[in-house]
Amino acid sequence: MYKILFLIILLLITTTTAHAAEPPEVTAAAAVLIEVDTGMVVFGKLEHNRIFPAGLTMVLTALVVLDYFCPDEVVVVGQEIRAVMDDAARANHVVGEYITVRNLLRACFYLSANDSANVLAINVALRALEQETMPFNAAERHFALLMNEKANELGAVNSRFINAHGYHHSNHFTTPFDMALICREALGNDIIRELSRETRWQGNGAGANPEPGWSTRNYNFTSRNEIILLGGEFFYPHATGMRTGFTTPAGQSLAATAMKDGVELVAVISNSPDPGRWRDAALLFDYGFDNFSHVAILGEGEIVGKFEIDNPRRQDGGNMHLLATEYFTLFLSRQQIDSMDRKLEFLPDAVADYSDGIILKPPIEEGQLLGFVSYFIGETTLYTGPFTAQRSAEPRTVFTDIEYYRDVIVGIFFVREAVPYWIIAGLSMIIISYISFRVVKRLKSYKTRY
């Protein structure tokens, strides 16, 4: 059970500066920075505006593919590789080639290969629809349907995807915030983590030991993500990977991840003049790591308030503690903590109708939901969670008063601790009775004598 006081949090917060630094000025037309564990938006610049994702699309493609395929399954390349534009990036697969799903995803992450994405799209559609063959146009439409369903599940509701690779289309769009949600989900997949942080790979497309008779190719991939290229001009020491993207309408884009001291961040940068996207990512990561930290706001079972009970039983006492039911942390700057407010909202049936304040209305059961506690900054609600009754409470009646006084008497006279007193009282009565008997007997003897 966590017993965390809000004022103590303010003193123990690990941020060393008194206030957060000014947000960085990025060159990107739109950008967002979120903390992975809590999903908190650390920085936003037009983060809900529509953008073209270009090659960033392939992060979502990988998520959908891995819902249907294991990474080391082998598929055969078909005519779908011809359904790419002449100026599109490609891995130059050949029809009839055997290749693993992992290496097709590698080609997507390293090269933004449109032909690789098409091979993945049609194989997923065939498996999802339990078909042996189908036209690529139909397969692409179904794969896009799966992409949009996945995006909506993740809360990326302001996006629409129509292909697996991100080649420009006016109806293929997302937002920096939506893309960050998708990347956050992707970080939970070990295969995507691994592929997005690789910088170089070479080998046979069908794996180390292809079957005899398979048509295969050898590949040599080098990452284009300059923030993870050790020794490069734009290498960022805490970067962990993700994806680049470019089309003329989308501009230079980047989805980047970084981790430092257990804190993981995702930055999405859209339409930044080259080489601005690398610098923008570094600025955003430094801003997040240097000025923000995890802050435990609530612990499960922590007291969020103490309120009077309306006409309580004498047995219960006049007040009750209210307890949080969830553990809750935020990723905030000290400045944000200082400006955060809290509000308790009670269920209508939980409180008595008094105008001079909140008074709890019995009967109340231990653990009963009584309302919700919210934390917010300005107009932005950061968290809303339930609170419950610490104990039960019944309304006071004549019968509860009788029960109370009975229990008081029992508690005084009929408990183990009272046994010595009962013994003393009994012995005293015996002694008094004996003395009385002797006195009476002596008086009788005296009268008889005289």
Per the filter on the stretch 117-151, residues charged (D, E, K, R) and farther than 16 Å from Leu104 by Cβ are Glu130, Glu132, Arg141, Glu149, Lys150
Residues of the stretch 202-234 being touching a helix residue (DSSP H, G or I) at 6+ places or on another chain (Cβ under 8 Å), more than 25 Å from Leu60 (Cα to Cα) and hydrophobic (A, V, I, L, M, F, W, C), in sequence order, are Phe234
Residues of the stretch 219-230 being surrounded by fewer than 16 Cβ atoms within 10 Å (Cβ to Cβ) and free of Cβ contacts under 8 Å to residues at least 40 places away in the same chain, in sequence order, are Asn220, Leu230
Is it the case that some residue within the stretch 119-134 is surrounded by 21 or more Cβ atoms within 10 Å (Cβ to Cβ) and within 17 Å of Tyr219 (Cβ to Cβ)?
yes
If I go through the stretch 339-373 residue by residue, how many of them are surrounded by 13 or more Cβ atoms within 10 Å (Cβ to Cβ) and either over 19 Å from Ala393 (Cα atoms) or in contact (Cβ under 8 Å) with a residue 60 or more places away in the chain (or both)?
5
Within the stretch 373-416, which residues are in contact with a Phe, Trp or Tyr (Cβ under 9 Å, 6 or more places away or on another chain), modelled with pLDDT of 75 or more and either acidic (Asp, Glu) or in a helix (DSSP H, G or I) (or both)?
none
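Yes or no, residue by residue, for (1) in contact (Cβ under 8 Å) with a residue 24 or more places away in the chain; (2) assigned to a loop (DSSP other than H, G, I, E, B); (3) touching a Gly at 6+ places or on another chain (Cβ under 9 Å); (4) not acidic (Asp, Glu):
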residue: His168; (1), (2), (3), (4): yes, yes, no, yes
residue: Asn171; (1), (2), (3), (4): no, yes, no, yes
residue: Phe177; (1), (2), (3), (4): yes, no, yes, yes
residue: Leu181; (1), (2), (3), (4): yes, no, yes, yes
residue: Gln202; (1), (2), (3), (4): no, no, no, yes
residue: Ala206; (1), (2), (3), (4): yes, yes, no, yes
residue: Pro212; (1), (2), (3), (4): no, yes, no, yes
residue: Gly232; (1), (2), (3), (4): no, yes, no, yes
residue: Tyr236; (1), (2), (3), (4): yes, yes, no, yes
Quick one: would you say Leu284 is assigned to a helix (DSSP H, G or I) and either surrounded by 22 or more Cβ atoms within 10 Å (Cβ to Cβ) or in contact (Cβ under 8 Å) with a residue 24 or more places away in the chain (or both)?
yes
Counting only residues that are outside any loop (DSSP other than H, G, I, E, B), farther than 18 Å from Ala186 by Cα and without any contact (Cβ under 8 Å) to a residue 60 or more places away in the chain, how many does the stretch 81-133 have?
13
Let me confirm something: among Thr216, Thr240, Thr257, which residue is of a type in the set (Ser, Thr, Tyr), crowded, with 21+ Cβ neighbours inside 10 Å and in contact with a strand residue (DSSP E or B) (Cβ under 6 Å, 6 or more places away or on another chain)?
Thr257
Any residue in the stretch 254-274 that is among the aliphatic types (A, V, I, L, M), more than 24 Å from Leu330 (Cβ to Cβ) and part of a loop (DSSP other than H, G, I, E, B)?
no
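The values are calculated or read from the model by the stated rules, or taken from the named source; none is laboratory data. Bear in mind that the values here come from a model prediction, so they are computed numbers and not experimental data. Cβ atoms come from the backbone with ideal geometry, glycine included; neighbour counts cover every protein chain shown.
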